[in-house]
Amino acid sequence: MKKLLPLILAILTANFWGGCHSTYSEKKLSEQSPPLLRNSSRIYVAIPFDASFKHTVAQNSGKQTADALVLSFTRNTKAVSSSKYPESLSEALDSARKHNAEYLIYPVLLKWEDHVTEISGRRDRLEVRIDMIDLSNSTVVYSEMIDSTGKWMGDGGDTPADLLQQPCDNYVNSLFRHIETPSAFR
């Protein structure tokens, strides 16, 4: 038993500290690499329809998702616009063209699970598919899946919306080439 005690303590410690962090994963669904965007690229982000969980609509989940993507894109380009209301794909394509965008970012909420983790022990979950559509030929040029799981040990009040910004930032940063200027040239 004395030999097992350190192992048991190590497992409990790992579970405790591992439960204090949210986890994020991004999975590329496209075989091809994403197009490299410039800071002058014109982007239109559609608002997806709200997700539902256990027959209840997660109000404003679509807008929160689009807002996180818009924030991530505005850190890289000034030419980003978004819809005011949820749009179908055909509506979003029309709106993006009216805004003279080069690319349409079309997110689809697949999972939005908001649990009272502190009581149930079930973590919040978020799953979003993001399609990038080239408006010159209306084809999906890149698609990625974001999967996020909330903290197990938290202070309460977390929602799936809290799981959006980090993976959205990772997704958008992968689309832009960031060139560091050597300090000697600054």
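Would you please name the residue that is surrounded by the most Cβ atoms within 10 Å (Cβ to Cβ), looking only at residues in the range 76-113 that are among the hydrophobic types (A, V, I, L, M, F, W, C) and under 17 Å from the mean Cα position of the chain (by Cα)? Per the stated criteria, the residue is I105. Surrounded by fewer than 17 Cβ atoms within 10 Å (Cβ to Cβ) and touching a helix residue (DSSP H, G or I) at 6+ places or on another chain (Cβ under 7 Å), is that true of F73? For F73, the condition - surrounded by fewer than 17 Cβ atoms within 10 Å (Cβ to Cβ) and touching a helix residue (DSSP H, G or I) at 6+ places or on another chain (Cβ under 7 Å) - is not met.
The residues of the range 68-90 that are assigned to a helix (DSSP H, G or I) and touching a strand residue (DSSP E or B) at 6+ places or on another chain (Cβ under 8 Å), listed by number, are L69, V70, F73, T74, L89.
Results for (1) at pLDDT 95 or above; (2) in a strand (DSSP E or B), shown as yes or no for each residue.
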{"site": "L93", "(1), (2)": "yes, no"}
{"site": "R97", "(1), (2)": "yes, no"}
{"site": "A101", "(1), (2)": "yes, no"}
{"site": "L104", "(1), (2)": "yes, yes"}
{"site": "W112", "(1), (2)": "no, yes"}
{"site": "H115", "(1), (2)": "no, no"}
{"site": "I119", "(1), (2)": "no, no"}
{"site": "V128", "(1), (2)": "no, yes"}
{"site": "M132", "(1), (2)": "yes, yes"}
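Residue-level analysis places E31 among those that are surrounded by fewer than 13 Cβ atoms within 10 Å (Cβ to Cβ), acidic (D, E), under 21 Å from E144 (Cα atoms) and at pLDDT below 95. Return yes when W152 is part of a strand (DSSP E or B), open to solvent by 10 Å² or more (accessible area, probe 1.4 Å) and at pLDDT below 75 and no when it is not. So W152 does not fit the description; no. When the range 46-67 is filtered for residues that are open to solvent by less than 60 Å² (accessible area, probe 1.4 Å) and part of a helix (DSSP H, G or I), the ones remaining, listed by number, are S61, G62, T65, A66.
The values are calculated or read from the model by the stated rules, or taken from the named source; none is laboratory data. As the structure is a computational prediction, the values presented were derived from the model and not from experiment. No Cβ is skipped: glycine too gets one built from the backbone with ideal geometry, and neighbour counts run over all protein chains shown. Heavy atoms of the whole protein, side chains included, go into the accessibility calculation; ligands, DNA and RNA do not. Shrake-Rupley method; radii C 1.70, N 1.55, O 1.52, S 1.80 Å.
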